[in-house]
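Heads up: the structure comes next, in structure tokens.
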Amino acid sequence: MNSKYSGPRDAYMPLAAKMRPSSLEEFIGQQHLLAKGKSLRAAIDNGALHSLVFWGPPGVGKTTLAKIIAGMTHSHIIELSAVMAGVKEIRAAVGEAEEIKARQGLNTIVFIDEIHRFSKSQQDSLLAPIESGAIVLFGATTENPSFELNNALLSRLRVYVLRSLDTDALIELLECALRDKQRGLGLRPIEIDRETLTMIAKAADGDARRSLNILQIAADLAETVDGREVVKPGMIDEVLQGHANRFDKRGDIFYDQISALHKSVRGTDPDAALYWFARMLDGGCDPLYIARRVIRMAAEDIGNADPRGLQLALNATEAYERLGSPEGELALAQAVTYLACAPKSNAVYTAYKAAMIDAKKSGSLEVPMHLRNAPTGLMRDLGYGAEYRYAHDEDQAFAAGENYFPDALQNRRYYFPVERGLESKIKEKLNFLRGLPAKKA
């Protein structure tokens, strides 16, 4: 394997691994947790270890921070991955922790990466050693702990939310890697301008590990000019071929983005709605999933204010099914923008939920006799269908005063049309009909 750099034995170690910070002074980002006076920083400075979970996207320093805290608090650390470890490994770690405590008097941090992958029984196996103080548990997860961790375990942990690194922080990290002569690329005559570093930082999408990986590949592709290794913006485009923004088809990011799309449509912002639609497609979301959610938006947030919205959503879904990607995605974009601009009403959605509550609470109320079907003579003799008023035979095709509810639920109101779009006309008509004098059969 050829390389432009013939250095020490770890020359082929990923740059991200070599540049891993060993102290808080080297750690970039997360100042909302680590600035002087912040709760986590105060706990570290005071040596006040407590069980916790770091929740944040990939590449923001969860593992690194755990190792730094272990070093600063003079604690023994055992690293486990929830992908590979089970109850057996947890018991072995607890045994090792107890031995270390007895022999050296050190606390032990058991760091479990991707702790959300542990089953309920595996999570339960951590409760006793945490409670007894045998271990201090540090978990790391990219998923929402409130969904992925048992309440019993979560109640014993403090959750710290780590954020994606912004562009400036990533540029600072890249510049450190370029300067560092021991762990980074400082021994190589690499020439890279600010514009190119900014491209790398933006492409990394908040992920420190990804930014350093891109820099390392770009440096290996650099052109040699007069003894200098020059990295040009065009090389970054090559490195980034096939790059996709952060997206998790089953995780929080997925649901956050579909929520943003839905709320943008509801909030009548077609531009924001298109942005989130494009973000999800760019991240690899199945367009048919988005299509199903768009149909839901039409029924939930537009409803009878503009019934064409539902039909357009259905048509867009059918168009995508016929055309596929990328042609069919334009039809979905049309539906998204139409729904965003359409008059809004959740009156049907609200009415449906209210009706469901009554249906569940009221039990098996009988259908009133006059509303029952009477296909046989016996049923007619029993009074089925008696005194039913045929609406088409009445003025306005409306049987004023008639009751269509079970007797115990007469005069219920669930549907309250709004003063927007077609529903304003629906509301006007219902008010008129309900104001007509009641008649008897």
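Leaving ligands, DNA and RNA out of it, rank Lys18, Lys202, Lys101 by accessible area with a 1.4 Å probe, largest first. Provide the component values of the computation, followed by the final result.
On the way: Lys18 30, Lys202 135, Lys101 100 Å².
From most exposed to least exposed: Lys202, Lys101, Lys18.
Would you please classify the overall shape of region 48-178 from the alpha carbon gyration tensor, given that a ≥ b ≥ c denote the square roots of the eigenvalues, rounded means a/c under 1.5, and beyond that prolate means a/b larger than b/c while oblate covers the rest? The shape class here is oblate.
Find, among the chymotrypsin sites (Phe, Trp or Tyr not before Pro) in region 304-405, those assigned to loop by DSSP (not H, G, I, E, B) with at most 14 other beta-carbon atoms within 10 angstrom.
Hits after loop and neighbour filter: Tyr390, Tyr404.
What angle do you read, to the nearest 10 degrees and between 0 and 90, between the alpha-carbon axis of helix 422-434 and the longest principal axis of the chain? With rounding to tens, the tilt is 30 degrees. When you count the other C-beta atoms within 10 angstrom of each residue and take the mean per peptide, 226-238, 142-154 line up highest first as 142-154, 226-238. Shape class of region 256-336 from the Cα gyration tensor (axes a ≥ b ≥ c, square roots of the eigenvalues): oblate, since a/c reaches 1.5 or more and a/b does not exceed b/c. Sorting 276-282, 88-94, 427-433 by their mean Cβ neighbour count within 10 Å, with the most densely packed peptide first, gives 276-282, 88-94, 427-433.
Simple spin-label estimate for Asn373 and Arg228 gives 8.6 nm between the two label positions (7 Å along the Cα-to-Cβ direction from each Cα).
Ordered by solvent-accessible area of protein heavy atoms (1.4 Å probe), largest first, the residues Arg292, Arg156, Arg308 come out as Arg308, Arg292, Arg156.
Counting only protein heavy atoms and a probe of 1.4 Å, the accessible surface of the chain is 52% carbon and sulfur. Pairs exceeding 27 Å between alpha-carbon atoms, taken from Lys36/Lys67; Lys120/Lys361; Lys202/Lys232; Lys181/Lys202; Lys67/Lys88: Lys120/Lys361. Enter the angle in degrees (range 0 to 90, nearest 10) between the Cα long axis of helix 308-323 and the first principal axis of the Cα atoms of the chain, meaning the one along which they spread out most. Between helix and principal axis, roughly 50 degrees.
Placing a label point 7 Å from the Cα of Leu288 along the Cα-to-Cβ direction, the residues of region 304-323 with a backbone N closer than 14 Å are 317-323. If you line up the long axis of helix 252-266 against the longest principal axis of the chain, both from Cα atoms, how many degrees apart are they, to the nearest 10? Between the helix axis and the principal axis of the chain, the angle is about 40 degrees. Accessible area of Thr167 (1.4 Å probe, protein heavy atoms only, ligands and nucleic acids ignored): about 50 Å².
Please calculate how many Å² of accessible area the chain carries per residue, with a 1.4 Å probe and no DNA, RNA or ligand atoms counted.
On the way: 24280 Å² over 441 residues.
Spelled out: the 1.4 Å probe surface of the chain, per residue, equals 55 Å².
The values are calculated or read from the model by the stated rules, or taken from the named source; none is laboratory data. These figures come from a predicted structure and were not determined experimentally. Cβ atoms come from the backbone with ideal geometry, glycine included; neighbour counts cover every protein chain shown. These area figures cover heavy atoms from the full protein model, side chains too; ligands, DNA and RNA do not enter into them. Shrake-Rupley method; radii C 1.70, N 1.55, O 1.52, S 1.80 Å.
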